[in-house]
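Asks: Have a look at this one before I ask anything.
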Amino acid sequence: MPKYSIVVPFHNEEENVTTLYDRVKLVMEQIGEPFEMVFVDDGSRDRTYRLLEEIAAVDSRVLVIKLRRNFGQTSALAAGFDHAQGDMLLAMDGDLQHDPEEIPNFFARLEEGYDVVSGWRTNRGDNLLFRRVPSLCANWMMARLSGVDIHDFGTTFKAYRREVIHNIPLYGEMHRFIPALASWYGASICEIPISNPPREHGQSHYGISRTFRVFFDLLTIRFLLRYMTRPLHFFGSIGAMGILSGSFLAVWLLALKVITGQHVMSEHGPLFVMASVFLLGGIQMLGIGLLGELQVRHFHTAAHRAPYAVDRILRLRSSEESLLQ
């Protein structure tokens with residue numbers, strides 16, 4: 001069984017696949033511990049899978065997972081984590097903007113006892129307006145909302161203990177928020193500086209539209225961290241406020257009708273409508289809270305549904321495994 005697993009998602013990275021494999025292999029062989037490389041092809045339309053297939057045909061330490069279509073980076077990482085066998089897992093991008101020579105630094109911190117080691121791009125060479133400023137804002141908000149004091153949530157370059165990452169359901173764009181979700185489980189987290197070399201080949205898959213999606217995900221994370229095990233407390237609080245407000249207005253209008261004989265609809269029509277809206281809205285919020293808790297827990301936790309579909313898996317059996325069978 002391998003001690004370390006390197007998980008790398010690829011999407012149209014034919015110019016970087018072979019170079020990344022050679023560099024990761026060289027670094028891991030120098031460490032001197034059993035390891036595997038889990039390469040996930042996330043619906044590439046170029047020669048990425050062909051090259052991964054050739055690599056898997058000559059190296060039994062390489063596991064290639066081909067997804068049926070492009071499910072996104074989070075789902076590709078989830079596929080890699082699910083099939084990785086190492087006790088310590090490291091995730092990195094396949095575009096060579098993560099330096100494989102820094103991998104031993106991550107595993108060294110895991111060996112010290114940390115559960116999650118996150119990379120920190122201290123000197124970024126990205127576009128100032130469209131990448132660095134939105135990233136700084138998002139990271140600052142994420143640190144405040146989650147209570148996890150790290151500087152860079154967005155990078156994929158992170159290392160995890162197996163038992164920690166397997167407790168975190170990944171879907172949507174949640175891979176960037178793994179440290180925040182891991183903190184909910186009591187994981188110990190540290191951060192190490194990493195380099196951020198510019199992309200030499202291929203095109204970046206990141207754009208300003210992803211930045212906007214990150215801000216929406218921040219709201220989701222805030223909700224998950226506070227109400228992951230009690231979502232009804234959130235919706236129930238709003239529902240209770242609506243029901244109490246509507247009930248108060250309804251009782252007051254009823255008292256006016258009984259005591260003074262006023263025509264409520266003609267003289268207090270807006271208040272009557274508000275009372276009705278508050279009551280119905282409060283009841284609906286309670287119902288949404290119950291249904292939301294049942295659906296989310298069933299789909300992402302109880303059912304253990306994977307957010308991806310695997311087309312095929314390749315691994316060359318080593319000579320020792322062949323002799324045992």
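Asks: Given points 7 Å out from each Cα along the Cα-Cβ axis, report the SER247 to MET265 separation in nanometres with one decimal.
Replies: 2.6 nm
Asks: Under the rule a/c < 1.5 gives rounded, and otherwise a/b versus b/c splits prolate from oblate, where does the range 1-146 land using the Cα gyration tensor?
Replies: On the way: a/c = 1.73, a/b = 1.23, b/c = 1.41.
Because a/c hits 1.5 or more and a/b fails to exceed b/c, the range 1-146 counts as oblate.
Asks: For GLU33, put the label point 7 Å out on the Cα→Cβ axis and report which residues of the range 55-86 keep their amide N under 13 Å from it.
Replies: Correct set: 86.
Asks: Using 0.36 nm per residue, how much length does the chain from SER188 to THR122 gain when fully extended, once their Cα-Cα distance is taken away? Write down the numbers at each step before the final one.
Replies: On the way: separation 66, 0.36 × 66 = 23.76 nm, distance 2.14 nm.
Gain in length upon complete extension: 21.6 nm.
Asks: What lysines could a cross-link reach from LYS66, if we take a straight Cα to Cα line under 27 Å and drop same-chain neighbours fewer than 8 places away?
Replies: Correct list for LYS66: LYS3, LYS25, LYS158.
Asks: Of the accessible area of the range 1-146, with the probe set at 1.4 angstrom, what percent is carbon plus sulfur? Could the numbers behind the result be given before it?
Replies: On the way: 2960 of 6210 Å².
The computed percentage sits at 48.
Asks: Quick check for you: with a 1.4 Å probe and neighbouring chains kept, what is the accessible area per residue of the range 26-164, in Å²?
Replies: Values: 5890 Å² over 139 residues.
Per-residue value: 42 Å².
Asks: Now, a different point. Does the range 46-101 come out rounded, prolate or oblate, given a ≥ b ≥ c as the square roots of the eigenvalues of its C-alpha gyration tensor, rounded meaning a/c under 1.5 and, failing that, prolate meaning a/b above b/c?
Replies: Working: a/c = 1.19, a/b = 1.07, b/c = 1.11.
It is rounded, given that a/c, with a ≥ b ≥ c, falls under 1.5.
Asks: Where does each of 74-81, 167-174 land if you order them by average Cβ count within 10 Å, highest first?
Replies: Numbers: 74-81: 25.0, 167-174: 18.1.
Ranked from most to least packed, the peptides come out as 74-81, 167-174.
Asks: Please list GLU36, GLU102 from largest to smallest accessible area, probe radius 1.4 Å, with all protein chains kept in place. Could the numbers behind the result be given before it?
Replies: On the way: GLU36 5, GLU102 30 Å².
Reading off the accessible areas and sorting them downward yields GLU102, GLU36.
Asks: What does the extension gain come out to for MET1 and SER195, with contour length at 0.36 nm per residue minus their alpha carbon separation?
Replies: Details: separation 194, 0.36 × 194 = 69.84 nm, distance 3.07 nm.
Result: 66.8 nm gained on full extension.
Asks: Additional query: Could you give the distance between the Cα centres of the range 41-114 and the range 237-288, to the whole Å?
Replies: When both Cα centres are located, 57 Å separates them.
Asks: Follow-up question, since we're still on this one. So what's Rg/Rh here for the range 1-87, counting alpha carbon atoms and using the Kirkwood radius for Rh?
Replies: Numbers: Rg = 12.2 Å, Rh = 12.9 Å.
Rounded to two decimals, Rg/Rh equals 0.95.
Asks: Follow-up. Want the number for ARG312 to ARG69: 0.36 nm per residue separation, take away the alpha-carbon distance, what's left?
Replies: Numbers: separation 243, 0.36 × 243 = 87.48 nm, distance 1.19 nm.
Answer, rounded to one decimal: 86.3 nm.
Asks: Continuing with the same structure: Charges on Cβ only, +1 for Lys and Arg, -1 for Asp and Glu, centred on the Cα centroid of the range 58-187; of GLN85, ALA187, THR74, which one is farthest towards the dipole's positive end?
Replies: Of GLN85, ALA187, THR74, it is THR74.
Asks: I've got another one for you. For the pair GLU101 and ARG45, how long in nm is the line joining their label points, each one 7 Å along Cα→Cβ?
Replies: So the two model labels end up 3.6 nm from each other.
The values are calculated or read from the model by the stated rules, or taken from the named source; none is laboratory data. Keep in mind that what you see is a predicted model, and the values were worked out from it rather than measured. Cβ: placed from backbone, ideal geometry, glycine included. Neighbour counts: every protein chain shown. Just the protein is used for accessible areas: all its heavy atoms, side chains included, with ligands, DNA and RNA removed. Shrake-Rupley method; radii C 1.70, N 1.55, O 1.52, S 1.80 Å.
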